[in-house]
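Have a look at the structure below, then the notes.
The values are calculated or read from the model by the stated rules, or taken from the named source; none is laboratory data. Because the structure is a prediction, the values reported are computed rather than measured. Don't worry about glycine lacking a Cβ; one is built from the backbone with ideal geometry, like all the others, and counts go over all protein chains shown.
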Amino acid sequence: MLDELKQILRRNAPDTYIYGPALFDMRLKEELLRSQRLHLPFVYLQIPTQDFSAIGLEKSGSDSTRAWKIAVLTLFTYWQPIDILGYLDAGAGLGIIMVGRTDEDVVKIKQQIIKNLQEADLWERIRLNPRSPFFRAFYCPAQIERERQRIERTMHAFNDIDSGLFRLEEYRYSRLWNNPWNRLVMNWNKRAIDFAGAAIGLLMLSPLIIGTALLVKITSPGPLFFGQTRIGKDGDRFTMWKFRSMYIDAERRKAELIAQGLNEEKGGPTFKMKNDPRITPIGRIIRKYSLDELPQLWNVLVGDMAIVGPRPPVPNEVEEYLPWHRMRLAVKPGLTCHWQVSGRSSIGFEEWMRLDNQYVRHGDLKTDMSLIGKTFRAVVKGDGAY
């Protein structure tokens, strides 16, 4: 139905330039990154071409076609000259970047489409297919993470009803990859290397792991391991394991230290304190040389983490993220990354986020090998760790 779309465009946006697929893909990425830098909302709509006979609606094809045209025409009543139009790859349909619009605008558009279909006596006569909706909407919030979580709840409610008409999804940073097939192959290779590396590491470092475990157990009462909920790829939660390096009341005392204004990280939501009183004497040693991180080889083995990737944050830190900070969640978290080899705790929060985003945009297997080599040197020196 691409021809019908072109006819609608000629009538409703006659003087608007419509990008070809390649240029539109570039504009899409530019607008997403621009919206994140300026903290502006980002709404991207897709109007897929439809073949109602192919999706089981042949006997009601005329009603479905009329309904689709009414829906598209209704959508274009919300179109503005500043919006950006472009064709999708392989004649798959049309994309619209709706500049400055929010999730609330998408809800209004859907409500108006349903109202117009009811007035045309088509709403009860058409059968909607959730696997092939009339429209797909992608939204990327410009607010901090708490606001994104609110919008996520809105999306679930939006999609629970009439999902065959309109589907709303979050626009993930992983859609920015220039070649998704190359990225997929890289992920397979990376996972194979991670699995083999973690298995070999656990075997070869077992004497050091056992020795560290004995030191922790002998010198401080409490559990041997510290398991903490962390945020992984695309916001998924998992339990990250470490050797316990703090006293057992560390979390309670952390709140007291923050209340006293002793957090030395002034530029972000993380907590840093060079002479943290919650750390045990042995804890200072194992943290300095990153021995407390050895149990995370298990996280790598089971697939929660990678050897190389941004360090996994805790949930309350992610709640304070600005949109551009969230890019670091587009890949699997790791044991080491640019931050670990560039000074660790001596680096401010904003620079840390930029280093992680640099890895997300440009990281490859060659980068991973280089970072692993630099990590060994940084661990031996113990620079920036506390």
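Here is how the numbers come out for the structure above:
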quantity	calculated
Filter result for Asp292 (part of a helix (DSSP H, G or I) and assigned by TED's automatic domain parsing to the domain that holds Ala213)	yes
Residue count, the range 67-107 (criterion: under 22 Å from Ser163 (Cα atoms), touching a residue at least 24 places away in the same chain (Cβ under 8 Å) and in a helix (DSSP H, G or I))	14
Residues of the range 252-295 classified as touching a helix residue (DSSP H, G or I) at 6+ places or on another chain (Cβ under 8 Å) and among the basic types (Lys, Arg), total	3
Test: Tyr321 is among the aromatic types (Phe, Trp, Tyr) and not in a helix (DSSP H, G or I)	yes
Single residue of the range 330-376 satisfying the filter (among the aliphatic types (A, V, I, L, M) and touching a Pro at 6+ places or on another chain (Cβ under 8 Å)) that is modelled with the highest pLDDT	Val331
Members of the range 80-128 found to be among the acidic types (Asp, Glu) and either surrounded by 13 or more Cβ atoms within 10 Å (Cβ to Cβ) or closer than 26 Å to Arg27 by Cβ (or both), listed by number	Asp83, Asp89, Asp103, Glu104, Asp105
Meets criteria (assigned to a helix (DSSP H, G or I), of a type in the set (D, E, K, R) and under 26 Å from Leu329 (Cα atoms)) for Lys242	no
Residue that is surrounded by the fewest Cβ atoms within 10 Å (Cβ to Cβ), among those in the range 33-62 that are at pLDDT below 50 and of a type in the set (A, V, I, L, M, F, W, C)	Ala54
Within the range 193-220, tally of residues that are free of Cβ contacts under 8 Å to residues at least 24 places away in the same chain and under 16 Å from Ile372 (Cα atoms)	2
